[in-house]
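Notes follow the structure.
What follows draws every value from the coordinates through simple rules; no lab data is involved. These numbers were taken from a predicted model, which means no experiment stands behind them. We place every Cβ from the backbone using ideal geometry, glycine too, and count neighbours over all the protein chains shown.
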Amino acid sequence: MVESIKVHVYPVRDLEQAKAVFTAGLGVEPYVDEAYYVGYKVCDQEVGLDPNGHQQGVTQPIDYWEVPDLGQTLQTMVAAGAQVHDGAKPIGGAKLRAIVRDADGNLIGLLQS
């Protein structure tokens, strides 16, 4: 069961240019500003910029579904026809993430906190 969809990550080629545009458009400064990721908190949502996304085959923004058990959700989705785009990986602290691709090529992020 999905707990929430609150994280939206955009792949970017020029992190500094994207950061300028997103900071102006969102009207807030990033709360994370690193070479590997820039993150903004907007209301109860997170908007992120990923400068490595294109190198990993990500060419569209990804919404991350927060799930209680990433492994089980990943297994269930693959059994239903999804393909693993990027398998489960730790992303800091106790968080895990994975990305699957549906039959239409849409990328769906899974996040376990």
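At most 14 other Cβ atoms within 10 Å and a DSSP loop assignment: could you name the trypsin sites (Lys or Arg not before Pro) in region 1-94 that fit?
Answer in residue order: R13.
7 Å from Cα along Cα→Cβ at both E29 and H54: what's the point-to-point distance in nm?
So the label points at E29 and H54 sit 2.8 nm apart.
Could you tell me what fraction of 2.2 N^0.38 Å the Cα radius of gyration of region 61-113 comes to, as a two-decimal ratio?
1.03
What net charge do the residues around Q55 carry, taking every other residue with its C-beta under 12 Å from that of Q55, with Lys and Arg at +1 and Asp and Glu at -1?
Charge balance in the 12 Å sphere: -1.
Could you run the Karplus curve 6.51 cos²θ - 1.76 cosθ + 1.60 with θ = phi - 60° over region 86-101 and give me ³J(HN,Hα) per residue in whole Hz, x for Gly and Pro?
The phi angles translate into 8, x, 4, 9, x, 10, x, x, 9, 7, 10, 9, 8, 10, 10, 10 Hz.
Report the net charge of residues surrounding Q112, where surrounding means a beta-carbon distance below 9 angstrom and charges are Lys +1, Arg +1, Asp -1, Glu -1.
Its environment carries a net charge of 0.
Apply 1/(1 + (r/R0)^6) to the Cβ-Cβ distance of Q72 and Y10, taking R0 = 41 Å, and write down the FRET efficiency to the nearest 0.05.
Efficiency computed from Cβ-Cβ geometry: 0.90.
Only Lys, Arg, Asp and Glu count, each charged at its Cβ (+1, +1, -1, -1), so figure out the dipole size of region 4-112 about its Cα centre, rounded to 20 debye.
160
Given H placed 1.01 Å from N in the peptide plane, which residues other than close sequence neighbours of K6 have an amide H under 5 Å from its amide H?
Y64, E66
Count neighbours as other Cβ atoms within 10 Å of each site's Cβ, and list the chymotrypsin sites (Phe, Trp or Tyr not before Pro) in region 21-75 that are DSSP loop with at most 12 such neighbours.
Of the chymotrypsin sites (Phe, Trp or Tyr not before Pro), the ones in loops of region 21-75 whose Cβ has at most 12 other Cβ atoms within 10 Å are Y31, Y36.
Counting alpha carbon pairs within less than 8 Å and at least 6 residues apart, what relative contact order, in whole percent, applies to the chain?
After rounding, I find 27 percent.
Amide H to amide H under 5 Å from V32: which residues, 5+ apart in sequence or cross-chain, H placed 1.01 Å off N in plane?
G39
Alpha carbon centre of region 77-113 versus region 36-66: separation in Å?
One Cα centre to the other: 13 Å.
³J(HN,Hα) across region 46-55 via Karplus (A = 6.51, B = -1.76, C = 1.60, θ = phi - 60°), whole Hz, x for Gly/Pro?
10, 10, x, 10, 10, x, 9, x, 4, 5
List the residues, sorted by chain then number, that are 5 or more residues from V12 or on another chain and whose placed amide H is less than 5 Å from its amide H.
Distant-sequence amide H within range of V12: D50, N52, G53, H54.
Which value at 222 nm does the chain reach when only helices count, each DSSP H run of 4 or more adding -39,500 (n - 2.57), with the total divided by all residues and rounded to the nearest 500 deg cm²/dmol?
Result for the chain, helices only: -6000 deg cm²/dmol.
Taking square-rooted eigenvalues a ≥ b ≥ c of the alpha carbon gyration tensor, is region 1-66 rounded, prolate or oblate, where a/c under 1.5 means rounded and, failing that, a/b exceeding b/c means prolate?
oblate
Under a cut-off of 18 Å between alpha-carbon atoms, report the aspartates and glutamates in cross-link reach of K19, not counting same-chain residues fewer than 8 places apart.
Hits, sequence-local ones excluded: E29, D33, E34, E46, D50.
Can you compute log10 of I(q)/I(0) for region 4-112 with the Debye formula, treating each Cα as one identical point scatterer, at q = 0.15, 0.16, 0.19 Å⁻¹?
Values returned for q = 0.15, 0.16, 0.19 Å⁻¹ are -0.64, -0.73, -0.99.
Give me the extension gain from Y36 to R101: residue separation times 0.36 nm, minus the current Cα-Cα distance, reported in nm with one decimal.
Taking Y36 through R101 to full extension adds about 21.1 nm, to one decimal.
Just subtract the alpha-carbon distance of A79 and I91 from 0.36 nm times their residue separation and send over the number in nm, one decimal.
1.8 nm
Can you run phi through the Karplus equation (6.51, -1.76, 1.60; θ = phi - 60°) for region 61-70 and list ³J(HN,Hα) in whole Hz, with x for Gly and Pro?
x, 10, 8, 9, 8, 7, 10, x, 9, 4
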